[in-house]
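Notes follow once the structure below has been shown.
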Amino acid sequence: MTSEAAGQPAPPDLPASVHRLELDEREVFLVGTAHVSPQSVRDTKEAIETLEPDTVCVELCEARYQNLENQDSWRKLDIFQVLREGKAALLLSSFLMHSFQRRIAQRFGIEPGAEMREAIARARARGARLELIDRDIQISLKRTWSSLGFWQRTKVMTQLVGSAFVGDDLKEEDIEKLKDTGNLTDLMSALAEALPSVKDTLIDERDAYMAEKLRQSAGPRTVAVVGAGHLPGITGLADSKCDLEKLETVPDPPVWPRVVAWLVPILIIGLFAYGLVWGDRERTVESVYIWVGLNGGLAALGAAIAIAHPLTILSAFAAAPLTSLNPLMAAGWVAGLVQALLRKPLVADLENLADSLSSVRGFWSNRLTRILLVVVLCNLGSVLATFIAGSWIVARTI
């Protein structure tokens, strides 16, 4: 198995974004794209029409492929099931990433993933085999989330939320510059330095996964449409085999967070019991007020920031002091369910979800995304209150 030098362009009659590999006497042409680039759509079309491949591979998993094929798939989303399974933060993260891409794409008059649609359409038009080579998006997100600690998760969510406020001033040439190898190397290096675990799971592992999928693809000539940021990784791994099953496994979460999650409420309850039986009862009652006030107040504040229903805000205040003492529950889950019952998403909310994700205001105006905001912001307030109130009570008692 041999591969030409990473980054070596294909013949001059093809776009500069196309790079050629040789895998076991098979030709693989990689089209490096930016997922919101009009030029990438043109490059994809030209590469497939010129090369006439037997197989077309796309940087999609089955779920993302179905979303591209079925634009109304969001109508089938069951928000109650999302809340019951504790996937609100995961879904909101997906929406935030999609929002950033969609706003940039709309600025240039295209849909996110337009180059993938073009590749699919061209493959069908010429009867080529279509293969999905990316790892399931849920597995990638779960592996990423499980690799992060609390503060890293907070940093990631902060950056995702921040992405909702940028991008409107980008120009097409700025997007095209991102496909330059030097710029991409700088971006990947910065990401690796800031959050190595995120780069490992979202980029490096997927590079290895897609490289292996390309080795297993059928046909003597293949065109693969992938994000330009994956080109160095895929070409560098062309000669290395990969265990796909290992990369498709979501690791069990570490034990220590669960231990801490139980130790904190046990400690707080123990301090309350000690104070009421053997200690200063008046001071202990004040500690209880501190616990209730901070937990209820910050959880309610999170719900208020999400512009939740007044009864939802009250439920957040009432639930947080109790759920903070029970690791099996979360204030955001309670508040989210109340919000979903009081302001159940309408068919119009699901139909207009794509448009809602195009603006910051849309996250608050759409009933579905507002429920997710309630869950996440309420939980964040409760977690902060637990650390603040817990530390305060321990300091007052010991």
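The values are calculated or read from the model by the stated rules, or taken from the named source; none is laboratory data. These numbers come from a predicted model, not from an experiment.
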Yes or no: segment 246-268 includes at least one residue that is at pLDDT 90 or above, assigned to a helix (DSSP H, G or I) and closer than 30 Å to Y209 by Cα. yes
Filter the helices (runs of 4 or more DSSP H) completely within segment 128-228 down to those with at least 1 residues that are at pLDDT 85 or above. 137-146, 205-216
